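What follows is a structure written as structure tokens; I'll ask about it next.
Derivation of every value follows stated rules applied to the coordinates shown; laboratory data play no part. On a predicted model such as this, the values are computed, not experimentally measured, just so you know. Cβ atoms come from the backbone with ideal geometry, glycine included; neighbour counts cover every protein chain shown.
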């Protein structure tokens, strides 16, 4: 059965809710604080009332009749005994109290001022500015008015005591008014005439008896009387009084604010009347939003929100009872405050200055705003982050035999994860075959969906019948219009991902190859874009569920489409580590191979015939050189000139390697010149074939030569060791000398540095030089075929510094970019004298890793190493946040057909992307010009074109053959487009059968 | 492009008319002219046509794809290398004397658009006559570097007489072009005390004899800037190789760009500061954009990440400046000023954004990316921004 027609949300309106609306939408009024009765049934009009929705499976919702899972739940409501303030709006309430009249509730602005602010508001709204700024300015202006411009009422200062108490600071009659009057009526130094009561009576126009009563303290003068007396006696009879504004007072006050005035403050009167900020009715969230869980012992454990609601209802009940019983004002006020506290913490339990409501265990409750906030809140965790079906995760391991476009998937995953196929006349046969295999046979099916929307599970029992084999009910046979959820098979496209997904190459589409064993298998050349290794890394796979998604993944997301990185515009996929060592061995010194060897080297590639031999050796046997063999992989018309990592010039002419060593700089990931050129000139398919074949050839090559690194490879002759010791000894002497100069006060400081700093710099330099020359001595003593040297030179792994540290001298350790100088007072370790500035005492490690470190050296080394670890930890969090902010700020930007860059509201950010509309993917960031105009002119003017077709091909935009499936090509090379070199016909890929 | 400009390449009118007819942008046309002009100014029209076609083809091929989500790509291209940067504040490359924040902290600082950087610094170029002579360069330095009393002489307190005594150094005074009477005047003006100066000695004391006041005066005295700019604590001169040959360049610790540009001898056209807000105030928003790009690129280069395409940095700089003032990337800037309530709520300070939206009766039209992720609709970017309709090839629309 299909669900209701899905509705697309067009827009979302925000606003406050009218209490009437709360009552209307409420499924029930909640009056009982209890949840379940003794028999375990929910109490009517209690917090778990069945009309609020169902959470227990099998029960029916008393409001909508649906069952748990399909009923979203329904709100209830609590009638609050007295209004309370909504904590979220305390600042706005304060502002409104200060900006409106205490008598007529109108905004304390003159007509002209109102006009002005309305205009301001409109403009800011148009300009997308901060509305609150205008509101604040308007209130600031309104606060200046001491008397209401509309009704003339005197205004008082409003004090706000956080979080939810407001006071009106009023001038009221003091308790000692009679004494003050008496003092004022006595003669003073300046004015020696006393005022008698009759005089006062005459002046104020009051009865003499009343005056006497006042003077004796028997009668409290009313306000006008007080004013008259004050005027007559020139005395102040008032004191400041904090008159607490109860929420009900505030509500009354706000109710009278006219809509027009509310609008001036940027508040939308239709959707949000200010009095709605004072709650009289509290909505009760549906039970589905606060499900209770049953513990193992059968006890129910309620959600935090339910606990809070229980508190609210209890207090509410007590409040009402007390009020009805006519309890004293003091008790009522206390209860009111308590109710306010509970409603406050119900909405936000992290208000500063208010103790958070706690669970019995002492844990603060997670109430409404805590549910929304932060990384684990509703917004970031549940709404922005979605959970999906059809995904798998497991450990990855390398497999040099799969293409870089492919991923090896274990059968167990392939049978669990399915792809939805819509059955048509054209694939009916296939669909039935999948279904017939059942859920356990490999290319089988797990579910089918009939045209009426019913979903059927395919089981061992019904699979034959569903596929129309044997005795089958015609209506129950998979046919056109059905959907079949079939297993993954070879050639299916899936999305593959490794976290952290820092760039778009962290999520790429691969073609499935179903394999035995338990891991996902990856070609090692795709490690750089994912930043993956195989020390236990896990990756995720997602099966795509509709044709659009699959087509998009094939065209845009396949690994071969992502060979170029948009960060620097060169290839990010290419040979790595042993591949580089392999090509280096193959081409460095251009070794010779006989026919068997040459064919063995090429057996992983599509090359099956050798060219003419390069010559014959002394035994008369034909040989092929490493360069010739490498050249076989290159496109025929390739011309490249580059410099290798080893430093020699690499020249490729017409697809032949003429000179040079092939290593990281030419075929490596991160900008290998040949890979980059093939990708840009011949397209992704050719580049994929090339990378696959280079990797394959390199593996054969490194196996041919053999390659291993052991501890003996880091040893150097005795003489060299002595030389190194001497160098270090000299450095020590130099340091001693520097210290002596310093201590004698003869050291001259460098410009802008103190003498101490100068000394440190000079010592560091001396020791640095010592390490370098030790390294050089070690280097001189290495054979050229030392594997560590090969790796460093070819760029496969490691560098000469690593080698130096292993063989000669580890060198100075640093903390905070300085020699180690922390630990004890004036010294690093208790082994040294205070103020010892020598190399030893500040973390110079003179041994090599192979020789082993002294305990002190080891300790200093650990100090330096620890800093590195801390740095990494801090950096990941900092850069993660930077990335999040950048993405958040830029995520809406899109290049348009007219070349501009706009956000999703059509605001132009750039008139032309990057000032020249050049794609950062296609053009390396290291080149000055996107197009080689000179080269084109040269070619047009100098080259003779064979025929017009050739010329046209050169002139026109290169339209490349679309290649959508490596798997399909391999099965039927004729259909696979124009490329002659198809994927490697390796053992695993050939025999895959659907039936 | 103007006619005179073309003429400088010396190409024939025939060549010109073919090239001008193409849909190429001026920068490419100019390069075709230059390239052809260098080889053979009278290349026949056919060949020129071929060149133009090929260049056009490559130009089209290299353009950004319409509907490409360039923003996200740029953000990733800057954020991803962030994981490879150091947290350390290391020394400035060429100038070992001045420490400058580098690496990830500096990148964060730029993106935050902080009012003042952690380590403000300027690179001040000098006008020709000042740039070649060390003496003249120093004249400028004394106008820039803040001169406080300790640089001019020794300060001592005479407790017996309750006086502060300054013994000025004759040479430094001359060097920095200031006289004892000027110093006395500045002290009087700044501290409101009466000074007595005889020769190179300036003396003053508190109104009432009080030991505390006396020490207080000394403290105050140290803070007074007699010459130069208050914010600039140190200036270092270096001889550097520039396009004008070898010249003296000043590097400062502290930045006060506006004041420095006014100083005589300073080449205002080339001097720089690393404080983008000062650039904005003095030179305007376009200069600030340029400064952001340059500073970011510089920071990346320092870390060996010079391969990041400038176009990504341009986009970041553009979005930070496109409203006419510098906006930070984050809660107080771009992310906080988004139109969509949901987008803002999903970023930071969730609850406040929702409450404010309620008060203002805001409507979220769900145009952006984050909102549509939240409500579960396709995003209007890339392939989500195109609709395909079934149709037939060639036939008319009915």
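For a quick check: sort A:432, A:734 by the number of other beta carbons within 10 angstrom, fewest at the front. Could you put the intermediate results ahead of the total?
Values: A:432 21, A:734 18.
Lowest to highest Cβ neighbour count: A:734, A:432.
Once you order the gyration tensor axes a ≥ b ≥ c over the Cα atoms, which shape class does region A:578-705 get: rounded for a/c under 1.5, otherwise prolate or oblate by comparing a/b with b/c? Walk me through the intermediate numbers first.
Details: a/c = 1.60, a/b = 1.48, b/c = 1.09.
Verdict is prolate for region A:578-705.
OK, next. Packing-wise, with mean Cβ within 10 Å as the measure, how do A:314-321, A:347-354 rank, highest first? Walk me through the numbers before you get to the answer.
Values: A:314-321: 17.6, A:347-354: 15.1.
With the highest mean Cβ count within 10 Å placed first, the list reads A:314-321, A:347-354.
Taking 7 Å along the Cα-to-C-beta vector as the label spot, tell me the residue A:41-residue A:203 distance in nanometres, rounded to one decimal.
It is 8.1 nm.
Take peptide B:19-29, look around each residue's Cβ out to 10 angstrom, count Cβ atoms belonging to other protein chains, and average those counts.
1
Right, here's the next one. In whole percent, what relative contact order does chain A give with Cα contacts below 8 Å and a gap of six or more residues? Mind dumping the intermediate values first?
Details: 1585 pairs, mean separation 82.0, N = 995.
It rounds to 8 percent for chain A.
According to the square roots a ≥ b ≥ c of the eigenvalues of the Cα gyration tensor, what is the shape class of the protein assembly as shown, taking rounded for a/c under 1.5, prolate for a/b larger than b/c otherwise, and oblate for the remainder? Please list the in-between numbers first.
Details: a/c = 1.98, a/b = 1.26, b/c = 1.57.
Oblate, because a/c is 1.5 or more while a/b does not exceed b/c.
Hey, another quick one. If one takes the longest principal axis of the Cα atoms in chain A, at what angle in degrees, from 0 to 90 and to the nearest 10, does the Cα axis of helix A:329-347 lie?
20
What does the extension gain come out to for residue A:255 and residue A:461, with contour length at 0.36 nm per residue minus their alpha carbon separation? Numbers along the way, then the final one.
Working: separation 206, 0.36 × 206 = 74.16 nm, distance 7.03 nm.
Using 0.36 nm per residue and subtracting the Cα-Cα distance, I get 67.1 nm.
Suppose R0 equals 45 Å. What FRET efficiency, 1/(1 + (r/R0)^6) with r the Cβ-Cβ distance, do residue A:761 and residue A:501 give to the nearest 0.05? Numbers along the way, then the final one.
On the way: r = 43 Å, r/R0 = 0.96.
Step by step, r from the Cβ atoms, then E = 0.55.
Under 19 Å from a point 7 Å along the Cα-to-Cβ line of residue A:354: which residues of region A:161-177 have their amide N that close?
Output list for this probe position: A:161-167.
Grab the beta carbon distance between residue A:616 and residue B:132, set R0 = 60 Å, and tell me the FRET efficiency rounded to 0.05. Mind dumping the intermediate values first?
Values: r = 70 Å, r/R0 = 1.16.
The computed FRET efficiency comes out at 0.30.
Same structure again: Per residue of A:918-926, count partner chain C-beta atoms within 10 Å of its C-beta, then hand back the mean as an integer. Don't jump to the answer; show the numbers that get you there.
Numbers: counts 6, 10, 11, 6, 6, 3, 2, 8, 3.
Other-chain Cβ atoms within 10 Å of each residue's Cβ, averaged: 6.
Still on this structure, I have one more. With label points built 7 Å along Cα→Cβ from the Cα atoms of residue A:703 and residue A:25, find their separation and express it in nm.
6.8
How high is the FRET efficiency from residue A:34 to residue A:386, r the C-beta distance, R0 35 Å, rounded to 0.05? Intermediate values should be presented prior to the final figure.
Details: r = 38 Å, r/R0 = 1.07.
Efficiency computed from Cβ-Cβ geometry: 0.40.
What spacing in nm lies between the two simple spin-label points modelled at residue B:219 and residue A:906, each 7 Å away from Cα in the Cβ direction?
6.2
Largest first, please: the extent of the C-alpha atoms of region B:147-223 along each principal axis, to the nearest Å.
36, 22, 20
For A:682, B:251, A:359, what's the fewest-to-most ordering of other Cβ within 10 Å of each Cβ? Write out the running numbers ahead of the final one.
Working: A:682 18, B:251 21, A:359 11.
Ascending Cβ contact count within 10 Å gives the list A:359, A:682, B:251.
Roughly what angle does helix B:180-191 make with the longest principal axis of chain B, taking Cα atoms, 0 to 90 degrees, to the nearest 10?
Tilt relative to chain B: about 80 degrees.
At 222 nm, what value in deg cm²/dmol follows for the protein assembly as shown if DSSP H runs of at least 4 each add -39500 (n - 2.57) and the sum is divided by all its residues, to the nearest 500? Don't jump to the answer; show the numbers that get you there.
Working: 52 runs with 550 residues, N = 1393.
Here the helix-only value at 222 nm equals -12000 deg cm²/dmol.
Something else: How crowded by other chains is A:9-22, given as the mean number of beta carbons from other chains within 10 Å of each beta carbon?
Values: counts 8, 4, 7, 12, 7, 15, 7, 4, 1, 0, 0, 0, 0, 0.
Mean number of neighbouring Cβ atoms from other chains: 5.
If you don't mind, there's one more thing I want to ask. Gain in length, residue A:426 to residue A:748, computed as 0.36 nm per residue apart minus the alpha-carbon separation, to one decimal in nm? All intermediate terms of the calculation are to be shown ahead of the outcome.
Values: separation 322, 0.36 × 322 = 115.92 nm, distance 8.93 nm.
Residue separation times 0.36 nm, minus the Cα-Cα distance, leaves 107.0 nm.
Give the residues of region A:638-668 whose amide nitrogen is closer than 20 Å to a point set 7 Å from the Cα of residue A:534 in the direction of its Cβ.
Counting only backbone N, you get A:668.
If you take the square roots of the eigenvalues of the alpha-carbon gyration tensor of chain B and sort them as a ≥ b ≥ c, do you get rounded (a/c under 1.5), prolate (a/b over b/c) or oblate? Please list the in-between numbers first.
On the way: a/c = 3.50, a/b = 1.66, b/c = 2.11.
Oblate, because a/c is 1.5 or more while a/b does not exceed b/c.
A further question follows. Which residues in region B:20-40 have a backbone N closer than 17 Å to a point placed 7 Å from the Cα of residue B:13 along the Cα-to-Cβ line?
Taking a point 7 Å out along Cα→Cβ of residue B:13, the residues of region B:20-40 whose backbone N falls under 17 Å are B:20-21.
Taking the 0 to 90 degree range and rounding to the nearest ten, how far is the long axis of helix B:350-360 tilted relative to the main principal axis of chain B, both from C-alpha atoms?
The angle comes out at about 80 degrees.
Hey, what did chain B get for relative contact order, percent, Cα under 8 Å, at least 6 apart? Working shown, then result.
Values: 528 pairs, mean separation 64.4, N = 398.
Relative contact order here is 16 percent.
Moving on. Based only on other Cβ atoms within 10 Å, what is the fewest-to-most ordering of A:384, A:794?
Ordered from fewest to most neighbouring Cβ atoms within 10 Å, A:384, A:794 come out as A:384, A:794.
Moving to a separate point now. Residue A:712 to residue A:799: extension gain in nm, 0.36 nm per residue of separation minus the Cα-Cα distance?
Working it through step by step, the gained length comes to 29.5 nm.
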